[in-house]
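Comments concern the structure below.
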Amino acid sequence: MGAENALYIILIEKIRQDALVLPTLPEVALKVRQAADDPDISLMKMSEIISHDAALSLGVLKVANSAAFGREVKVESVAKAVTRIGLRQIKNIATAMAIEQMFVSNNHFISDYMQKSWRKTVDVASVAIALMTLYLQKNKQSELTLETLTLAALIHNIGVLPILTEAEGHPEVFANPAFLNKAIIKFSNEIAAEMTKAWEFSEDYSELVMTWNDLSVLPKNAHYIDFIRAGAVYHSIFKNESTQEFLLRSYVDKGILPNLNFMASEDFSDRLAKAKSMF
């Protein structure tokens with residue numbers, strides 16, 4: 001039995017038996033998400049929750065002072081940072097920071113692979129956020145929200161984590177790019193959907209992580225999946241040129257892109273840099 005087939009069989013059996021170990025969100029992220037969903041939560045109470053975690057506190061300050069929020073006056077306290085960012089967005093920022101902390105490994109090869117996966121996720125998310133920000137400026141009545149897109153973009157490829165964790169347990173066999181790439185292509189979407197369910201995210205997120213790279217799924221109107229796919233086009237994750245052109249034309253038709261060449265413009269570069277500064 002080849003190592004590739006062995007990894008496939010391990011993953012399939014664990015998925016079937018509900019035995020695949022799915023990462024859990026760190027406690028502080030869960031607390032922030034629960035607090036943000038409380039209609040009576042105050043900015044001060046949220047600040048207190050965040051202040052109990054040093055890494056999250058520093059991260060929130062960094063985001064509040066980033067180019068994404070375009071303020072010249074720097075904030076120096078968590079309370080002021082939370083006020084600037086807002087309760088709705090702080091929920092996803094905390095989740096993003098918690099997710100990033102999961103992409104670590106004691107195995108050098110797996111750790112490198114995890115870091116590359118996270119950087120790719122941030123690259124795609126930054127494009128999606130930049131385009132969504134522009135779209136919402138022109139479509140103020142849209143039901144789409146930047147908060148939902150931010151989380152969707154940051155978890156769209158989360159299914160790689162359990163696969164890499166399995167490989168870490170047997171590095172002498174599975175720590176090989178060829179095996180991992182095929183396993184990720186075959187299983188990561190299904191695993192990502194299971195993770196969103198385990199984390200009690202809405203069904204919309206499960207559907208999105210299952211189908212974001214399935215081009216047989218083509219929403220008629222502007223959808224969160226379109227913005228994530230635009231990021232995949234920009235970073236050549238979708239490599240076929242005809243596929244890229246087809247998607248870009250559809251995004252022009254939907255009003256997501258002003259024109260076919262917009263993502264090559266200086267305007268977009270500036271927007272992208274601001275979006276990426278959050279991470």
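The values are calculated or read from the model by the stated rules, or taken from the named source; none is laboratory data. Owing to the predicted nature of the structure, the values given are computational and were not obtained by experimental measurement. No Cβ is skipped: glycine too gets one built from the backbone with ideal geometry, and neighbour counts run over all protein chains shown. The protein model used for the area step is the full one, side chains on, heavy atoms only, and it has no ligands, DNA or RNA in it. Shrake-Rupley method; radii C 1.70, N 1.55, O 1.52, S 1.80 Å.
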**Prompt:** By a straight-distance test (C-alpha under 23 Å), which lysines pair with Lys80 as possible cross-link partners, with residues fewer than eight away in the same chain excluded?
**Reply:** Lys31, Lys45, Lys62, Lys91, Lys274, Lys276
**Message:** Straight-line reach from Lys220: which lysines fall under 25 Å, measuring Cα to Cα and dropping same-chain residues less than 8 apart?
**Reply:** Lys138, Lys140, Lys239, Lys254
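For the stretch 66-158, what D do you get in µm² per second when you plug the Kirkwood radius from alpha-carbon pairs into Stokes-Einstein at 10 °C and 1.306 mPa s? Could you put the intermediate results ahead of the total?
Numbers: Rh = 14.9 Å.
For the chosen part, D equals 106 µm²/s.
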**Prolate/oblate/rounded call for the stretch 181-245, Cα gyration tensor, a/c under 1.5 rounded** = oblate
**Complete:** Among the stretch 119-157, those whose backbone N falls under 20 Å of a label point 7 Å along Cα→Cβ from Glu266 are 131, 134
**Request:** Would you work out the charge dipole size for the chain about its Cα centre, treating the Cβ of every Lys and Arg as +1 and the Cβ of every Asp and Glu as -1, and quote it to the nearest 20 debye?
**Result:** 740 debye
**Request:** Write down the accessible area per residue of the chain in Å², having rolled a 1.4 Å probe over the full set of protein chains.
**Result:** 51 Å²
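Efficiency by 1/(1 + (r/R0)^6): what FRET value for Lys239 and Ser111, r their Cβ-Cβ distance, R0 = 35 Å, to the nearest 0.05?
Values: r = 26 Å, r/R0 = 0.75.
FRET efficiency, Lys239 to Ser111: 0.85.
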